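The values are calculated or read from the model by the stated rules, or taken from the named source; none is laboratory data. Here the structure is a predicted model, which is why all the values come from computation and not from measurement. Cβ placement follows ideal geometry from the backbone for every residue including glycine, while neighbour counts extend to all protein chains displayed. For accessibility, only protein heavy atoms count, side chains too; no ligands or nucleic acids. Shrake-Rupley method; radii C 1.70, N 1.55, O 1.52, S 1.80 Å.
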Amino acid sequence: ILVYSITSRNTFQELEYWYNLYKEVLGEETILGIAGNKVDMFLEQEITDEEGKEYADKCGAIFALLSAKENKNTIDSFIESLLNAYLKKINKGGENENNDDNKENNEKDTIKLDEAKHDKSGDIPGGEGCCGGKKNKKKGDTNKGHINSIILGDSGVGKTSLIKRFEGKPFNKDEKHTDKTN
């Protein structure tokens, strides 16, 4: 996930650096998301929604406008979109997208985050665990079946706050944050 702040043109311009790094290190086998964060600060907006969407389209990325502070359910929707794109990609396996078996697999494997009830560890009570949860995990176990993510972006775009939201933790306005990049 590449993140920029909608309140900073510089962080948006630096997406090209982060995108090139992403391509160099991770290649094309991953699912790319681009997020414009801090939509709660719309009065200070320097990047239009259309600019963000156009850049994401150019990169072949899933795009979202987010607010780690207010969370307006957009973060869960963004994560769900990324996970569903991942599931579609691994289920596709080179088959035609219109294949009925493939459609059935995609529907079966679709992840609905809002339907899951997680405990504080990230596990679904009575379930196998989710989102890196540790239920039934033993020392030496691998992360097989888990999806890893990397969040890249300039200082001050809200990466730490987004990570906490991804983990289901509340926004802490008293926490020390990095200064906004000018």
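Rolling a 1.4 angstrom probe over the protein heavy atoms, how many square angstrom per residue are accessible across the stretch 1-52? Write down the numbers at each step before the final one.
On the way: 2620 Å² over 52 residues.
For the stretch 1-52, the per-residue accessible area is 50 Å².
Can you give the FRET efficiency to the nearest 0.05 for residue 17 and residue 42, using r as the Cβ-Cβ distance and R₀ = 41 Å?
Efficiency, from the Cβ-Cβ distance: 0.95.
Taking H placed 1.01 Å from N in the peptide plane, check which residues at least 5 places from residue 34 or on another chain put their amide H under 5 Å from its amide H.
Those qualifying (amide H under 5 Å, at least 5 residues apart or on another chain) are 2, 62, 63, 64.
Kindly sort 9, 165 by accessible area of their heavy atoms, largest first, with the probe set to 1.4 Å. Don't skip to the end; give the middle numbers.
Details: 9 80, 165 45 Å².
So the residues, ranked largest to smallest area, are 9, 165.
With respect to the cross-link table entries 69/169; 92/169; 23/53; 53/159; 58/88; 23/88, which display a Cα-Cα separation exceeding 23 Å?
Values: 69/169 11 Å; 92/169 33 Å; 23/53 19 Å; 53/159 19 Å; 58/88 20 Å; 23/88 21 Å.
In this structure, 92/169 exceed 23 Å between Cα atoms.
Excluding residue 63 itself, calculate the net charge of residues whose Cβ lies under 13 Å from the Cβ of residue 63, where each Lys or Arg counts +1 and each Asp or Glu counts -1.
On the way: positive: 53, 58; negative: 49, 50, 51, 54, 57.
Cβ neighbours under 13 Å give a net charge of -3.
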